[in-house]
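Asks: First, the structure itself, so that you have it in front of you.
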Amino acid sequence: MKLNKIFLATGLFAIALSSCTDLELAPESQYTEDPSTNSGVDPMIVVEAKMSDVYFHLAGTLGRRYMEAQCLASDEFTGLSFDGGYYDSGTYAHQALHCSSPEDASLDWYDGEYGVTSGITKANVILEELGDGASTQMTAPARAMRAYFTWILMDCFGDTPILDHVTKEGEEIVRAPRKEVAEWLESELLDIIPALTEDVTENTYGKPTKWMAEALLIKIYINWAVYTAESVDQYDAATATNPKLDACIELCDDIINSGKFNLGSVDYLHKFSYDNSWKVEDFIYAMPYDAINLQGMQYARPRSFKQLKGMLPNVYGSTEKFTQSFGGNMVVTPEFAKLFCLEGDIRNLCILQGDVYIRDPKTLRPTTEPFMYNGKQVHFTTDITLIKQDNTLDVGNDDNAFQQGAHSIKWFIVPQDYNNGRNQSNDLPIFRFADILLTKAEALTRIGQSGAKDLFNQIRTYAGAPTISAEPTLDEIYDERGREFFDENWRRNDMIRFGHYEDEFFPHYANFPDASFDKRHRIFPIKQSVMDLNPNWVQNPGY
């Protein structure tokens, strides 16, 4: 467990509440002038306390359900069941087969108390309280978070409401065309970027900065042809043109030239470990987690060996037993596992395949001690054998079943975290400096300019992988993105842009029951409960 300054938000909020009487402001009132000019207690404390709820609003969503939708819909993972266990009405299998249902639990984060739209509402409430007289510097953090939340909806569900104000009771909410949403996001981000802080410190960790907003705009620009296509199924990676590539490169250069970030201050494995923090200088923007103070991170639960509870010794090398159960139902597809083949590449150690050895909890590297279960060394197969070819993706419920498929160990855990309700203290990077380098390399390659090789080799060098001697192809960049950003929720986004979302990968094979290759399924269906609340909405085509 770790305690960063940002976890003092509860105390900060209490201070803010006690300060409100000094400011003579009712909770629902607006600031009549820029709060930074008020006398007495610095109103920035009040704003910051309220904003903390917005900053960390999606902790639970990003820590589980959003991750399930992104990872399982990509070629990274598939969701197995064990004699029906973890089938869960097909929510995991549906994503893997690209046949999502509006009732799937893995998509249950559009609305509701912890949904994305309620995060937008929280930001809008703060902006309304600040009032029209507030400076851009005051409003920029809330607008940045609102933009990020809106981008999530646009990226995952296509047409999305542009919620730029607090909606009133009875107000009809209209979904704007995806292209208009992308253009609105561009306008918003360009307006607030100059007003956001350039500081990169423990105090700005997990909060919107200039660099976070630029990284988000870079994502929008590199996917511009996807987001502005006439319809989601009309995007063709082979023929699409992107007029925003030069602007994308310019923003990448601004982050690169800032000197605020680097790749190698922390080695690759420790970047994602239980003790990572703001000191990882590759992180531009992250969701900070703590197993006690900011819960919701539960990546290890479905990725770890199903029978790990109570085992000593165990694969994580801990001297304390895990007292909480594991699912073990999210495993790496055979196709994706093959990417981890470069000699000397530290990223190969992010997955467990073949004979499994206990890890050293300090170095995170494998020891020479075999990880044993029922008197035999655990051996995770790369290929997956189903007991029947149907959409349950059932592998049975025995020792053989529990060792089907390669497993991710990227989000390394310790019992003192996990035993607190299966929570973890691994901070989740959302935007990384490594992504900026590879995105610039991709943009340069797409416009036919040189320079991508040096950027590409920066990634290879710090990972300990072989460098390349010629400018990379788009296929090489696509594969490298797979290795570098494995299990970080970007693969689905990359697959669509590079034209690989309709590829075949386990179990998304031609003629496999319920496997869909409908290009309209590049976005998800909207949850039925959300549709019921908005009778004027039409479900996404194809669902």
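The values are calculated or read from the model by the stated rules, or taken from the named source; none is laboratory data. Because the structure is predicted, anything quoted here is derived from the model rather than measured. We place every Cβ from the backbone using ideal geometry, glycine too, and count neighbours over all the protein chains shown. Note: accessible area is taken over every heavy atom of the protein model, side chains too, but ligands, DNA and RNA are not part of it. Shrake-Rupley method; radii C 1.70, N 1.55, O 1.52, S 1.80 Å.
Asks: Given the range 434-541, report the % of alpha carbon pairs whose separation exceeds 15 Å.
Replies: 71
Asks: Next question, about the same structure. May I ask you to compute the full-extension gain from S325 to R520, defined as 0.36 nm times their residue separation minus their alpha-carbon distance, rounded to one decimal in nm? Kindly include the intermediate steps, with their values, before the conclusion.
Replies: Working: separation 195, 0.36 × 195 = 70.20 nm, distance 3.70 nm.
Full extension from S325 to R520 adds 66.5 nm.
Asks: With Cβ to Cβ distances under 12 Å as the rule, what net charge do the other residues near K210 carry (K, R +1; D, E -1)?
Replies: Values: positive: K207, K260; negative: E198, D199, E214, D254.
Residues close to K210 contribute a combined charge of -2.
Asks: Nearest 10 degrees, 0 to 90: what angle lies between the long axis of helix 116-130 and the longest principal axis of the chain (Cα atoms)?
Replies: Orientation of helix 116-130: about 20 degrees from the principal axis.
Asks: So, one more: Can you tell me the orientation of helix 178-192 relative to the chain, as the angle in degrees between its alpha-carbon axis and the longest Cα principal axis, to the nearest 10?
Replies: It is inclined by approximately 60 degrees.
Asks: With every protein chain left in place, what is the accessible area per residue of the range 159-257 in square angstrom, probe 1.4 Å?
Replies: Value for the range 159-257: 45 Å² per residue.
Asks: Compute log10 of I(q)/I(0) for the range 330-423 with the Debye formula, placing one identical point scatterer on every Cα and leaving out solvent, at q = 0.11, 0.12, 0.15 Å⁻¹, to two decimals.
Replies: Ignoring solvent entirely, the Cα scatterers give -0.38, -0.45, -0.70.
Asks: Also: Run the numbers for E343 and V125: contour at 0.36 nm per residue of separation, minus the present Cα-Cα distance, in nm.
Replies: Result for the pair: 73.3 nm of gain on full extension.
Asks: At what distance in nm do the modelled label points of T473 and M372 sit from each other, each positioned 7 Å from its Cα along Cα→Cβ?
Replies: 4.8
Asks: Next question. How far apart, in nm, are two points set 7 Å out from the Cα along the Cα-to-Cβ line at T385 and at D191?
Replies: 6.1
Asks: Related question: Mind running the shape call on the range 75-214? Use the C-alpha gyration tensor, a ≥ b ≥ c as the square roots of the eigenvalues: rounded below 1.5 for a/c, prolate if a/b tops b/c, oblate otherwise.
Replies: It is prolate, given that a/c is not under 1.5 and a/b is the larger ratio.
Asks: Could you tell me what fraction of 2.2 N^0.38 Å the Cα radius of gyration of the range 366-514 comes to, as a two-decimal ratio? All intermediate terms of the calculation are to be shown ahead of the outcome.
Replies: Working: Rg = 19.5 Å, N = 149, 2.2 N^0.38 = 14.7 Å.
Its radius of gyration relative to the 2.2 N^0.38 Å reference: 1.32.
Asks: Could you give log10 I(q)/I(0) at q = 0.24, 0.27, 0.28 Å⁻¹ for the range 116-172, computed by the Debye formula over C-alpha point scatterers of equal weight, without solvent?
Replies: Debye output, listed in q order: -0.96, -1.11, -1.15.
Asks: Ok, one more. Between I173 and D532, how many nm apart are label points set 7 Å from Cα along the C-beta direction?
Replies: For I173 paired with D532, the spin-label model returns 1.5 nm.
Asks: Could you grab the relative contact order for the range 428-543? Cα pairs under 8 Å, six or more apart, rounded to a whole percent.
Replies: So the answer I get is 16 percent.
Asks: With contacts defined as alpha carbon pairs under 8 Å and 6 or more residues apart, what's the relative contact order of the chain in percent?
Replies: Rounded, it is 20 percent for the chain.
Asks: In the range 200-297, what GluC sites (Glu not before Pro) fall in a loop by DSSP, with at most 11 other Cβ atoms inside 10 Å?
Replies: Passing sites in the range 200-297 are E230.
Asks: I would also like to ask the following. Kindly provide the pair-distance distribution of the chain built from C-alpha pairs, with 20 Å bins from 0 and whole-percent values in order of increasing distance.
Replies: Taking every Cα pair in the chain, the percentages come to 21, 57, 21, 1.
Asks: Turning to a different aspect of this structure: Can you tell me the 0 to 90 degree angle between the C-alpha axis of helix 452-463 and the longest principal axis of the chain, rounded to 10?
Replies: Approximately 70 degrees, to the nearest 10.
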